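Student: Just dropping this structure here.
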């Protein structure tokens, strides 16, 4: 029996060893595959980045302008652009000197062919080409000053257009003109309506003045648009004004309409009706001891205060009281007991 147990234990150990070896073998086979996959992904990313950079470099190279050596072309501006784009691409001075001829045409290319062997350095090449094609001076200093004095902003001219011309004239007059002088020239020729709003303000740079002037122009444009909108469609304001006027008229002025008089009755009443002789009997004055007055049964026909009726004329009738004798039926000027003067 012991031998059987030992045999079973050895069999189990063999099975476990075989399973362990299988796992190690599978792990060893998977590691090179994952490493290969990672390397492949990195290689793909590198190729993608390289392709993108090549595309960008190609666009930069195609955007470099050419130079023909024409008198009206500015050699300094052209060289600044070329140097900037060469630096973006990553050219060293040797490469710059090597590739610059492909952007030369006309007289500039002829000059390059005549001096290419003697100008191997990039710095020497820049100095020589600048001296060979200097910037053309079309006006004298006095003429530039006159142009500056005469340059005024037009009534419909935007400030950015006026600003561009004045800046160019300032640099032609004095290449390194101070910012304060440029600001003074800009203010001297700007529209009076714009100058009134900028008067008293200080600016450190011409660009700050430009931004402020453009903000004012934008505000004026919005205001003009609002005015034009009112001229085209003024009904809103006129309607509100008429409503306000009607409201004031209704409360400030008396109305003669029946509705108005009914809703707002005044203290004025229609003329009082005096009793007739048959309704009022006055005793003779010679009987001082008798009753001072007597009324017939018809005196009760006068309206008294009672429930309101629909008859408007009856609604305003009320008993007549004499203020001299405090008796009903007559008024003070017709009082028979009033002393005669």
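Student: With a cut-off of 12 Å, note down the residues of the range 185-199 whose backbone N falls inside the zone around a label point 7 Å from the Cα of residue 221 toward its beta carbon.
Tutor: From the range 185-199, the list is empty.
Student: Just for the Cα atoms in the range 75-132, what are the lengths along the principal axes, largest first, rounded to whole Å?
Tutor: Principal-axis extents of the range 75-132 (Cα, largest first): 29, 21, 18 Å.
Student: May I pose another question? Taking 0.36 nm per residue of separation and subtracting the Cα-Cα distance, what length does fully extending residue 338 through residue 58 add?
Tutor: Extra length from residue 338 to residue 58 when fully extended: 88.0 nm.
Student: Going by how many other beta carbons lie within 10 Å of each one, how would you line up 177, 190, 52, fewest first?
Tutor: Sorted ascending by nearby Cβ count, the order is 52, 177, 190.
Student: May I ask you to compute the full-extension gain from residue 105 to residue 160, defined as 0.36 nm times their residue separation minus their alpha-carbon distance, rounded to one decimal in nm?
Tutor: Taking residue 105 through residue 160 to full extension adds about 16.4 nm, to one decimal.
Student: By average Cβ neighbour count within 10 Å, what is the ranking of 95-104, 162-171 from highest down?
Tutor: 162-171, 95-104
Student: Can you give the Rg/Rh ratio of the range 141-232, where Rg is from the C-alpha atoms and Rh is the Kirkwood radius?
Tutor: Ratio value, two decimals: 1.05.
Student: Neighbour counts of other C-beta atoms within 10 Å: give me 187, 130, 59 arranged from fewest to most.
Tutor: 59, 130, 187
Student: Continuing with the same structure: Listing 82, 105 from the residue with the fewest other Cβ atoms within 10 Å to the one with the most, what is the order?
Tutor: 105, 82
Student: Let me ask something else. Please give the residues of the range 168-207, grouped as numeric ranges, whose backbone N is less than 15 Å from a label point set 7 Å along the Cα-to-Cβ vector of residue 150.
Tutor: Answer for the range 168-207: 169.
Student: In nm, what is the difference between 0.36 nm times the number of residues separating residue 321 and residue 117 and their Cα-Cα distance?
Tutor: 59.6 nm
Coordinate-derived values only; no laboratory data. As the structure is a computational prediction, the values presented were derived from the model and not from experiment. Ideal geometry is used to build each Cβ from the backbone, glycine not excepted, and the neighbour counts take in all protein chains shown.
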